[in-house]
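Heads up: the structure comes next, in structure tokens.
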Amino acid sequence: MNKVIIDSKELAIGSWVKNNDEIARITSLYKKNGMLVAEAKLYDDSSDISTDEILLYPSGIEPIPVTTLLLEKNGWVKDKTGANAFTHPQLGSDNKIVIKDDVPVFHDQKVLYVHQLQNVLHEHNENISIHLQLFKI
């Protein structure tokens, strides 16, 4: 299976990503010798907090897929009017994530990965947290 490469333009402070099958939250982004470097804190599922700080390089950063389980565990509720739609109580019924052909879509934008969902929510001024304990399911 080919590794999915994250477009560096999609990364932001607070983005949840994977590094060697460990979950990390980006705390800083900068260029060093022309290469993107991200500082991040690893997630420790035993304490539900971010702990060790690490450096990430583009070749080691992997996206975390958005799944229906992740959505449900983060407060998204399956919409009663559409079997493949999810709403969040804080966003109201007009702001749905719709699963079309196994692809999550929010406001006509594909959100295959958690960092993309975080970006779209931010673009729409929506402050919905993605809970990290769900990534270790």
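The values are calculated or read from the model by the stated rules, or taken from the named source; none is laboratory data. A quick note: this is a predicted structure, and the numbers were derived from the prediction, not measured. Here the Cβ is made from the backbone with ideal geometry for all residues, glycine too, and neighbour counts use every protein chain on show.
For the stretch 93-112, name all the residues that are out of contact with any strand residue (DSSP E or B) (no Cβ under 7 Å at 6 or more places or on another chain) and aliphatic (A, V, I, L, M).
Result: ILE99, single match.
How many residues does the stretch 72-93 contain that are hydroxyl-bearing (Ser, Thr, Tyr) and assigned to a loop (DSSP other than H, G, I, E, B)?
2
So which of GLY92, GLY82, GLY75 ends up being under 15 Å from the mean Cα position of the chain (by Cα) and modelled with pLDDT under 85?
Working: GLY92 fails: under 15 Å from the mean Cα position of the chain (by Cα); GLY82 fails: under 15 Å from the mean Cα position of the chain (by Cα).
Result of the check over GLY92, GLY82, GLY75: GLY75.
Working only within the stretch 103-126, note down all residues that are modelled with pLDDT of 90 or more and either touching a His at 6+ places or on another chain (Cβ under 7 Å) or assigned to a loop (DSSP other than H, G, I, E, B) (or both).
Once the filter is applied, which keeps residues that are modelled with pLDDT of 90 or more and either touching a His at 6+ places or on another chain (Cβ under 7 Å) or assigned to a loop (DSSP other than H, G, I, E, B) (or both), the stretch 103-126 yields VAL111, LEU112.
Looking only at the stretch 53-86, which residues are exposed (fewer than 14 other Cβ atoms within 10 Å of the Cβ) and of a type in the set (A, V, I, L, M)?
LEU55, LEU69, VAL77, ALA83
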